[in-house]
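Read the structure below first, then the notes.
The values are calculated or read from the model by the stated rules, or taken from the named source; none is laboratory data. Remember, predicted model here, so these are calculated numbers, not experimental data. Cβ placement follows ideal geometry from the backbone for every residue including glycine, while neighbour counts extend to all protein chains displayed.
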């Protein structure tokens, strides 16, 4: 979710979850539970940041870990391939009081990460994985900051790692383990293998197991929990252009049948508020609107807008332009139903993961790979 889950978008999602607490139609006997629930509901994790960039305090890494004053739990997602550097990054976050929760990313499948031994392919080197997780937990412990991990099933169907990694993470003292039920080779294609989440839940019994993959609706989340026994869900692409998915999730888990079904006017208002928050965050209207462009297709999925209007909205560079281009849309359109739902964001097709030369030959790290991993930490952005 790089470039997506910055502070402005997290604000929209948190507000939507809080709205879910106020939905009518809550089953009898649950009103008091919801009234006493802390808002916002859930954790809203920042974009992935590399440990080296954070230790070096690059401007972009410091922006990524910035949080709005209204964020009650500051969640930072950290990427790294060198145990010492990850330790230093966690130590910085904890001792400088910059995070209340740290998530270690072992799930990223993009080539610029995996070809350096990071992300979804790193748990194949089990001792390296264990050293990174143990080091992070130890550095976070003095500040009482919980550490969680997110991972994939493995490199590909022949190199699965999730059970071993889950057990190692549990032994290291993590607060929870999340599994995106795809391999790196799957990328974002096909259907997530929810049966792997059930298998991980059977194996990892001392800490919560969270499921991720193909959560496009509250019904999907409820089905995942029912089918796998997982303790909660992690949402990624499903909320792109749909921050109100969190309203639905809170309502669904509370037993309420109510769901948000916005007409185009409500979507346009959400886009406008998103833009305002982005301008405040970046303090640069031009950059803020450029960053917003990627969200347009997600917000407008299923609505009758027209190719030219979509193209123009994808080129906005100021709030004035945004207002003008939203103003010409047929804002009285009702919710388009299934056309606005379902998969969104990148999908693609299965592909052979890019990994360092010799990476899959052994589960151990030799001197050559150790040197390569140290150099990989010089990257600024995780992906």
**Item:** Answer from 344, 325 - the residue that is assigned to a loop (DSSP other than H, G, I, E, B), in contact with a helix residue (DSSP H, G or I) (Cβ under 9 Å, 6 or more places away or on another chain) and surrounded by 17 or more Cβ atoms within 10 Å (Cβ to Cβ)
**Value:** 344
**Message:** Among the numbered criteria (1) in the same structural domain as residue 69 (by TED's automatic domain parsing); (2) surrounded by fewer than 18 Cβ atoms within 10 Å (Cβ to Cβ); (3) under 17 Å from residue 9 (Cβ atoms), which one does residue 273 miss?
**Reply:** (1)
**Message:** Taking the condition of being assigned to a loop (DSSP other than H, G, I, E, B) and either under 23 Å from residue 170 (Cβ atoms) or outside the structural domain of residue 241 (by TED's automatic domain parsing) (or both), how many residues in the stretch 182-205 meet it?
**Reply:** 7
**Asked** How many residues, within the stretch 75-84, are modelled with pLDDT under 95 and within 18 Å of residue 97 (Cα to Cα)?
**Response** 0
**Members of the stretch 156-169 that are in contact with a strand residue (DSSP E or B) (Cβ under 9 Å, 6 or more places away or on another chain), farther than 21 Å from residue 82 by Cβ and buried (at least 19 other Cβ atoms within 10 Å of the Cβ)** = 162, 166
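Listed here are the residues, each with its yes/no results for (1) buried (at least 24 other Cβ atoms within 10 Å of the Cβ); (2) in contact with a strand residue (DSSP E or B) (Cβ under 6 Å, 6 or more places away or on another chain).
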position: 111; (1), (2): no, no
position: 115; (1), (2): no, no
position: 119; (1), (2): yes, no
position: 125; (1), (2): no, no
position: 139; (1), (2): no, no
position: 154; (1), (2): yes, yes
**Message:** With surrounded by 14 or more Cβ atoms within 10 Å (Cβ to Cβ), within 21 Å of residue 12 (Cβ to Cβ) and in contact (Cβ under 8 Å) with a residue 60 or more places away in the chain as the only criterion, which of 291, 285 stands out?
**Reply:** 291
**Fill in**
Restricting the stretch 64-87 to residues that are touching a residue at least 40 places away in the same chain (Cβ under 8 Å) and surrounded by fewer than 21 Cβ atoms within 10 Å (Cβ to Cβ), the one nearest to residue 129 (Cα to Cα) turns out to be 83
**Message:** Suppose we filter the stretch 88-109 for residues that are closer than 20 Å to residue 56 by Cβ and surrounded by fewer than 22 Cβ atoms within 10 Å (Cβ to Cβ); how many remain?
**Reply:** 8
**Message:** residue 145 - would you say it is touching a strand residue (DSSP E or B) at 6+ places or on another chain (Cβ under 8 Å), farther than 28 Å from residue 70 by Cα and assigned by TED's automatic domain parsing to the domain that holds residue 233?
**Reply:** no
